Amino acid sequence: MDIRSVGVVGAGQMGNGIAHVFALAGYDVILTDVNADALARALATIDRNIERQVARGKVSAADKTTAMARIKTTLALADVGACDLIIEAATERETVKQAIFEDLAPHLKPSTILTSNTSSISITRLASRTDRPEKFMGFHFMNPVPVMQLVELIRGIATDQETWDTLHEVVRKLGKTAASAEDFPAFIVNRILMPMINEAVYTLYEGVGSVKSIDEALKLGANHPMGPLELADFIGLDTCLAIMNVLHDGLADTKYRPCPLLTKYVEAGWLGRKTQRGFYDYRGEVPVPTR
């Protein structure tokens, strides 16, 4: 199937990044959200991020102008129904995602492929709530989308070969690399990454090290570009907790039990960079550890 138009549901950090890379790759994009301010912020962010690419010589000014013109925004979910491909990039809550796909159903073309950018939720289960489980896949981009090269492609139990082949070709046209993952909780990247972050939180919780010492230890001792607690703040502690809960519930193994300290931070509303406080306090000029 030839994909020309792409609908992106959710204009947050992931949604605006997905719209950015598709528009630059020549696709017509419709970005939708329930919040008009979120759509305005998304367009401003995309404009700013592409301008950075122009400044670095990776994109021409003409390419930027053309890409921005390809992105349309709407508050009406139904407006994306006519797209060839729809990517759901809403919050990491299954009930929210199910509601989106159910609301989309009456407005879809027969040929439209549905995907979710979920980082952990069962693709088979999400697909079963639609009228086209054979045309449904997990399409998991990494954050930040314009920078990260990987896309996880996850088949549900009913996904057909044509849908997988089509999305594999889309990833190639985006200039990214596809990794094929089976439909088990958290897939590949987060199945490995989130328990490491959770263990770093346990290490803090048990007093083995401070925020600073834990992050420095992994950066300098394991050559990680970002410490695990710094990375958790970047991802969002609520997202980290949601993925750990999916792992714990889905695999029924105590090694995936979320650290109580991670839960406490989320309960406090200290979710990381997006709320200005997490394992670091970002309200000043320099991030300061909160423990």
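The values are calculated or read from the model by the stated rules, or taken from the named source; none is laboratory data. Since this is a predicted model, take the numbers as computed values, not measurements. Note that we place each Cβ from the backbone using ideal geometry, even for glycine, and neighbour counts take in every protein chain shown.
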### Task
Can you confirm whether the stretch 219-229 contains a residue that is closer than 26 Å to Leu126 by Cβ, in a helix (DSSP H, G or I) and touching a residue at least 24 places away in the same chain (Cβ under 8 Å)?
no
## Note on the structure
Among strands (runs of 3 or more DSSP E) entirely inside the stretch 1-92, those with 3 or more residues being among the β-branched types (Val, Ile, Thr) and closer than 18 Å to Phe139 by Cβ are 5-9, 28-32
### Query
For the stretch 185-198, how many residues are touching a residue at least 40 places away in the same chain (Cβ under 8 Å) and either more than 21 Å from Lys135 (Cβ to Cβ) or not in a loop (DSSP other than H, G, I, E, B) (or both)?
9
### Message
surrounded by fewer than 23 Cβ atoms within 10 Å (Cβ to Cβ), under 23 Å from Ala11 (Cβ atoms), free of Cβ contacts under 8 Å to residues at least 40 places away in the same chain and among the charged types (D, E, K, R): which single residue out of Asp131, Asp103, Asp79 fits that description?
### Response
Asp103
### Task
Considering (1) at pLDDT 95 or above; (2) of a type in the set (Ser, Thr, Tyr); (3) part of a helix (DSSP H, G or I), say which one Ser180 fails and leave the rest.
(3)
### Task
Please list, ordered by first then second residue, the pairs with beta carbon atoms under 6 Å, 6 or more apart or interchain, first in the stretch 243-263 and at negative phi and assigned to a loop (DSSP other than H, G, I, E, B), second surrounded by 13 or more Cβ atoms within 10 Å (Cβ to Cβ) and of a type in the set (D, E, K, R).
none
### Summary
Of Lys264, Lys274, Lys255, the only residue that is surrounded by fewer than 15 Cβ atoms within 10 Å (Cβ to Cβ) and within 21 Å of Thr91 (Cβ to Cβ) is Lys264
### Query
Can you find even one residue in the stretch 165-181 that is touching a residue at least 24 places away in the same chain (Cβ under 8 Å), surrounded by 14 or more Cβ atoms within 10 Å (Cβ to Cβ), under 30 Å from Thr275 (Cα atoms) and aliphatic (A, V, I, L, M)?
no
### Task
Give the number of residues within the stretch 264-291 that are closer than 18 Å to Ser213 by Cβ, in a loop (DSSP other than H, G, I, E, B) and not polar (S, T, N, Q).
5
#### Entry: Thr275 vs. criteria at pLDDT below 95 and among the hydroxyl-bearing types (Ser, Thr, Tyr)
no
#### Entry: Whichever residue in the stretch 1-34 is modelled with pLDDT under 95 and of a type outside the set (A, V, I, L, M, F, W, C) and, among such residues, is surrounded by the most Cβ atoms within 10 Å (Cβ to Cβ)
Gln13
### Query
Counting only residues that are in contact with a helix residue (DSSP H, G or I) (Cβ under 6 Å, 6 or more places away or on another chain) and within 18 Å of Met148 (Cβ to Cβ), which one in the stretch 50-59 is surrounded by the most Cβ atoms within 10 Å (Cβ to Cβ)?
Ile50
